[in-house]
Amino acid sequence: MGEKTWGYEFRDHVADVRIRAWGNGFEETLGALTSAIWRYVLGDAEFPANRSWGVSVEGQDIDELVVGFLNEQIYLYDSEGLVPVCVNSLDIKESDGGYRLEAVLEGSSLEEIPFLPKRQVKAATYHELVVRPELVEVTLDV
């Protein structure tokens, strides 16, 4: 098994939560960021990845694309109870003067998780946003 090339850490931030995630390209970095957000919400308890679903977002630039991707996950959690465990695949392409991201997430339904979430996240924000293929720093409104 190869050396782990991705990860995340929670950063100090007044009133909100700041996450720094890194990886070897956007797929790993956004995968690490997804893991971090749902670790924050659910804590360290393990839960199954027994379903998958697609996510598609568009943005005029990469920043808008990343924030849109995170907010789509939060929307699906709030509206349909879908909790991602990991990003199975992720593809970013230039499209009509902007960008398009398509991803397949794996995870569970809230109904299948035998514990209550520890925290709530309202939205990913643009506040002090840093986006590069190998590093993303984002602030979450909680």
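The values are calculated or read from the model by the stated rules, or taken from the named source; none is laboratory data. Keep in mind that what you see is a predicted model, and the values were worked out from it rather than measured. We place every Cβ from the backbone using ideal geometry, glycine too, and count neighbours over all the protein chains shown.
Considering VAL142, VAL104, which residue is within 22 Å of ARG39 (Cα to Cα), at pLDDT 95 or above and not acidic (Asp, Glu)?
Sole residue among the options that is within 22 Å of ARG39 (Cα to Cα), at pLDDT 95 or above and not acidic (Asp, Glu): VAL104.
Which condition number does VAL130 fail, the rest of (1) surrounded by 17 or more Cβ atoms within 10 Å (Cβ to Cβ); (2) touching a Lys or Arg at 6+ places or on another chain (Cβ under 9 Å); (3) of a type in the set (Val, Ile, Thr) being met?
Result: VAL130 fails condition (1) only.
For region 55-106, which positions are without any contact (Cβ under 8 Å) to a residue 60 or more places away in the chain and among the aliphatic types (A, V, I, L, M)?
Matches in region 55-106: VAL55, VAL57, LEU65, ILE74, LEU76, LEU82, VAL83, VAL85, LEU101, VAL104.
Quick one: in region 99-120, which of the residues that are surrounded by 15 or more Cβ atoms within 10 Å (Cβ to Cβ) and in contact with a helix residue (DSSP H, G or I) (Cβ under 6 Å, 6 or more places away or on another chain) is farthest from GLU46 (Cα to Cα)?
The selected residue is TYR99.
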